[in-house]
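Structure first, commentary second.
Values in this text are rule-based calculations from the coordinates and carry no lab data. Just so you know, these numbers come straight off a predicted model, no measurement behind them. Please note: Cβ atoms are built from the backbone with ideal geometry, for glycine as well, and neighbour counts cover all protein chains shown.
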Amino acid sequence: MKNQGKLLVWGVAAVLIAFSLSLLFENLWVGFWTAFAAATLWLLILDRSVVSGSSKKTLIRTFIVLLLITQLLAAIQFYNRSDRQVETLQTIRTTIVSNISHIEMEKALQHTLRHYYMETDQPEATLENSFRYLFEDRMESDGNFLHEATEPDEEMNFTYEIASPDSIILAVSATYTPGLNPNFENRSGQSGMYQARTILTKNGVRYEREN
């Protein structure tokens, strides 16, 4: 009985130590599967040390096998569910970033187009002239386009490009939101992040998702 008590203590300790790996690796599933392996090994040792000498060993072994199977199936189901939740959250995040960036870029370019047609009376005027007149304070020399909001947004990085005097491109690259292609090279220097651009010409504004 004393040996059985020690075996129980060692089994609980082994499972707890194995599960604590989730803290070390900052991954719950690393700890769970390590603990599951430790628990399985402990049950095998328990079977050899205790169960094999019992008159009800067939019943006990059946119970242990069913317990392991049900725990394994429950873990797989939970893992699949959590994976789907991650995908859903990523989709929601992408939608938010897409909508906000689209509105901000289109607003600036629509404002430029309206200024060009309604407030410019010089025949040699261009869309570039209107854009610089309206947003010179937001245009940085390295091509970055500052946010309209006073508080900087680390998630969305805007850039501008004067493709021609009558063609202006505003682009956005996300910092944390993944795009469609993980190998895509973003304008910001990252890879695989969400990216889109809005193109202004005299014919209007066109939005394109690049990744």
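Summary of values
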{"quantity": "In Hz, Karplus ³J(HN,Hα) per residue of the stretch 61-70 (6.51, -1.76, 1.60; θ = phi - 60°; x = Gly, Pro)", "calculated": "5, 4, 5, 5, 4, 5, 4, 5, 5, 5"}
{"quantity": "Overall Cα dimensions of the stretch 99-209, principal axis frame, Å, largest first", "calculated": "46, 28, 24"}
{"quantity": "Residue-count net charge about ILE199 - beta-carbon cut-off 9 Å; Lys, Arg +1, Asp, Glu -1", "calculated": "+1"}
{"quantity": "Peptide ranges 170-182, 117-129, 27-39 listed from the most packed, as the mean C-beta count within 10 angstrom indicates", "calculated": "170-182, 27-39, 117-129"}
